[in-house]
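Accompanying notes for the structure given below.
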Amino acid sequence: MGQPIVFCPYTIRKLSVYQPEHTELAPSDRVRITRNDAALDVANGDRATVRAISARKVTLELDNNRRVLELPADVPLHLDLAYATTVHVSQGTTAERVLSRATGAAQGDIGEAPALPFWCAGRPSSSRGPLSCAKS
């Protein structure tokens, strides 16, 4: 693996630590950008669709502006599959339909602190109908 190092986090700026994971991608897969990149003009949380994959590049189409982005396939990509996500990651996004499963403490009544994750996942937009809830 390498030699351990000792450092003081207060003295190092913009430190990022990642655990590499092998994820297979295919055309039409939904992905989420997991790191800001000013050079590529993408932000953490941006969603995209995989359009093509070759030995040299991965081609994405960004959801927010339909821009096509080509990423080199020979370096680690800061991507995650985006078929499902936590309510915290999904805050601020818009979806036609949302399927949310509240378990444990998140099953409180709307307005109570434990129900906050459910409220974030299910709050309807002003142009949609009311939020429907069922208690099991």
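The values are calculated or read from the model by the stated rules, or taken from the named source; none is laboratory data. Treat the numbers as computed from the prediction; the structure is a model and nothing was measured. FYI the Cβ positions are ideal-geometry reconstructions off the backbone, even for glycines, and counts take in every protein chain you see.
Worth pointing out:
- Hits in region 25-39 - residues which are in a loop (DSSP other than H, G, I, E, B) and more than 16 Å from R66 (Cα to Cα): L25, A26, T34, R35, N36, A38, A39
- If you go through region 1-25 and keep only what is within 24 Å of A43 (Cβ to Cβ) and either modelled with pLDDT of 85 or more or of a type in the set (F, W, Y) (or both), you end up with Y18, E21, T23, L25.
- The requirement of being under 10 Å from the mean Cα position of the chain (by Cα) and not in a strand (DSSP E or B) is not satisfied by H22.
- Candidate set from region 1-47 (those that are in contact with a Leu (Cβ under 9 Å, 6 or more places away or on another chain) and of a type in the set (S, T, N, Q)); member that is surrounded by the fewest Cβ atoms within 10 Å (Cβ to Cβ): T23
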